[in-house]
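The values are calculated or read from the model by the stated rules, or taken from the named source; none is laboratory data. Everything numeric in this text was worked out from a predicted model, so none of it was measured. Because the Cβ atoms are built from the backbone with ideal geometry, glycine has one as well, and the counts that use them run over all protein chains shown.
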């Protein structure tokens, strides 16, 4: 089995549009995961039919039993996350700040604090025309996105152990959810665009992928909007030994397709054409890792 | 007052709005522009300068081998799995540690000492008499996003007018950025993706009791999707930024459109005044 993640550093460069297009064009036994759990949009392009929904429990949250509490205030002074505040007569836990460390339990002289599981979100599995999809959503105000990504990947592995390809739509950034997404993945498809911001973010992402020993290949989206920066990106990718597998031109058909809720490759046009070509290149790249039966 | 520019979805134009807004408002107010998108901070690209650099460090445990009796108490306590006590030694996984300080308290042999480790930096630049840029930057490979955001917010908290560029998403980094601020401006785009992520962000801001305003970016005139949602949810739409190649080009090449173009200066000034009016109402 091979695992591929579509990532970008900078947000809004076209990860989801590209993931959905790859899902449509790569045949075989595959599973899709939407790991951009704070902004899970992949389902919007796949017309999914939900199969299962289960609760996702993140870290435990501290709960204070006010009948036992003597209002000494030790817990408030101990919490480094400022998650405990004295409100009225008693301390109370601001659950969205609580990281679940349990340090307040250690200092409470009355044994008035317990850790309890807090529902942090849901994990869904769905059937789509381009393969099964595993996606999640966080309860508003809840953190734990890195942990949820880990659980989504675990769920996909358990439900579809025979899949030959796991294709993951990744989160932006280079922090916890991104690291949780690319850990153990063979190849990251990095989607960038010709802007100073995207180039800066790309270089930080390459450093992060390298530190985790994740293989990389690059796609430049809307490459024709700023040819100078596109040349610079391609030069920098060459210096970093990251192969460029696609250049997608700006095409209003992309937004039109998103509005219709379908991957752009189901329409004709110059972006669609370039993505077809990119997927051919991707499949050759993947063969190096020994997989995908078309 | 602290005003956050956020979006839910990445790449909708947070940085475009934050940078131009801070620039035009600095013509009238003392403004601090804070980059809390610490995983991918981009404001520095639009305001090149020689910053003063301050290291951000956190406290993590270091095992004193001669005192440790390998009892396993710290490993059992640590809910993040950052400490594992083996037969002959204790393993510490720095990337799992949250610096809660619990292990120091629970060790019965006083065998853990505090060690400072670097997780990122804060860059500060005075750009003009009335504009300061403070950028948080997480080290590559590290996961202490919220620690850096907390440090940036602490640094700018005494300043009179603070414009904060938020990270994308709606989880921990976003919450750390908007918590206890006065107002949040959500930048969205007129697509189903933009709408979905806008609605997630609005739901989080309701839990946090923070008022939100909306700016529509890359409008091609077909904004009904967003407008309808905003009407239903009583969210004021303050500005509609058209899809414009001139703006796109300035943004891509690292230029500030309101510095280059009088018309855009006026448009962002108008937005700035509207936002200041809402912010004052809220105080």
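Here residue B:4 meets the list (1) away from chain A (no Cβ under 14 Å); (2) assigned to a loop (DSSP other than H, G, I, E, B); (3) within 30 Å of residue B:242 (Cβ to Cβ) almost entirely, failing just condition (2). The set of residues in segment A:216-225 being in a strand (DSSP E or B), more than 18 Å from the chain's Cα centre (by Cα) and away from chain B (no Cβ under 11 Å) consists of A:220 alone.
The strands (runs of 3 or more DSSP E) located wholly in segment A:120-215 include none with 3 or more residues which are more than 22 Å from residue A:43 (Cα to Cα) and more than 9 Å from chain B (Cβ to nearest Cβ).
State the number of residues belonging to segment A:75-93 that are in a helix (DSSP H, G or I) and within 11 Å of chain B (Cβ to nearest Cβ). Of the residues in that region, 1 qualify. Is it true that some residue in segment B:166-181 is in contact with a helix residue (DSSP H, G or I) (Cβ under 6 Å, 6 or more places away or on another chain) and over 22 Å from residue B:136 (Cα atoms)? The answer is no, given that none of the residues of segment B:166-181 is in contact with a helix residue (DSSP H, G or I) (Cβ under 6 Å, 6 or more places away or on another chain) and over 22 Å from residue B:136 (Cα atoms).
The residues of segment A:94-119 that are buried (at least 21 other Cβ atoms within 10 Å of the Cβ) and assigned to a strand (DSSP E or B) amount to a single one, A:113. Residues in segment A:1-17 that are within 14 Å of chain B (Cβ to nearest Cβ) and in contact with a helix residue (DSSP H, G or I) (Cβ under 7 Å, 6 or more places away or on another chain): A:6, A:7, A:8, A:9, A:10, A:13, A:16, A:17. In summary, residue A:52 fulfils each of the numbered conditions (1) touching a helix residue (DSSP H, G or I) at 6+ places or on another chain (Cβ under 9 Å); (2) surrounded by 14 or more Cβ atoms within 10 Å (Cβ to Cβ); (3) modelled with pLDDT of 95 or more with the single exception of condition (2). Assigned by TED's automatic domain parsing to the domain that holds residue B:205 and touching a helix residue (DSSP H, G or I) at 6+ places or on another chain (Cβ under 8 Å): is that true of residue B:46 in this structure? So residue B:46 fits the description; yes.
In the set A:199, A:225, A:212, A:218, which member is surrounded by fewer than 17 Cβ atoms within 10 Å (Cβ to Cβ) and without any contact (Cβ under 8 Å) to a residue 60 or more places away in the chain?
Exactly one residue qualifies, and that residue is A:212.
Among the residues examined, residue A:265 qualifies as in a helix (DSSP H, G or I), in contact (Cβ under 8 Å) with a residue 60 or more places away in the chain and away from chain B (no Cβ under 13 Å). The conditions of being surrounded by fewer than 17 Cβ atoms within 10 Å (Cβ to Cβ), away from chain A (no Cβ under 11 Å), modelled with pLDDT of 95 or more and within 26 Å of residue A:41 (Cβ to Cβ) are not met by residue B:270. Every listed requirement among (1) more than 23 Å from residue B:20 (Cβ to Cβ); (2) surrounded by fewer than 19 Cβ atoms within 10 Å (Cβ to Cβ); (3) within 10 Å of another protein chain (Cβ to nearest Cβ) is met by residue B:245 save one, (1). Pairs are defined by a Cβ separation below 8 Å, a sequence spacing of at least 6 or placement on different chains, a first member in segment A:86-111 that is assigned by TED's automatic domain parsing to the domain that holds residue A:142, and a second member that is modelled with pLDDT of 90 or more and not in a loop (DSSP other than H, G, I, E, B); no pair meets this definition. In segment A:242-262, the residues that are in the same structural domain as residue A:204 (by TED's automatic domain parsing) reach residues that are part of a loop (DSSP other than H, G, I, E, B) and surrounded by fewer than 15 Cβ atoms within 10 Å (Cβ to Cβ) with C-beta atoms within less than 7 angstrom, at least six apart or across chains, in these pairs: A:261/A:47.
Condition first: closer than 24 Å to residue B:38 by Cβ and touching a strand residue (DSSP E or B) at 6+ places or on another chain (Cβ under 8 Å). Now tell me which residues in segment A:173-191 satisfy that. If the condition is that a residue be closer than 24 Å to residue B:38 by Cβ and touching a strand residue (DSSP E or B) at 6+ places or on another chain (Cβ under 8 Å), then A:174, A:175, A:178, A:181, A:182, A:185, A:188, A:190, A:191 are the ones that fit. What about residue A:17, is it touching a strand residue (DSSP E or B) at 6+ places or on another chain (Cβ under 9 Å) and surrounded by 24 or more Cβ atoms within 10 Å (Cβ to Cβ)? For residue A:17, the condition - touching a strand residue (DSSP E or B) at 6+ places or on another chain (Cβ under 9 Å) and surrounded by 24 or more Cβ atoms within 10 Å (Cβ to Cβ) - is met.
In summary, residue B:141 fulfils each of the numbered conditions (1) more than 14 Å from chain A (Cβ to nearest Cβ); (2) without any contact (Cβ under 8 Å) to a residue 60 or more places away in the chain with the single exception of condition (1). Among the residues of segment B:148-169, those identified as in a loop (DSSP other than H, G, I, E, B) and in contact with a strand residue (DSSP E or B) (Cβ under 7 Å, 6 or more places away or on another chain) are B:159, B:166.
Pick from segment A:234-252 the residues that are in contact with a helix residue (DSSP H, G or I) (Cβ under 6 Å, 6 or more places away or on another chain) and within 14 Å of another protein chain (Cβ to nearest Cβ): which of them is farthest from residue A:205 (Cα to Cα)?
Among those residues, the one meeting the criterion is A:251.
With respect to the conditions (1) closer than 30 Å to residue A:249 by Cα; (2) more than 17 Å from the chain's Cα centre (by Cα), residue A:159 falls short on a single one, namely (1).
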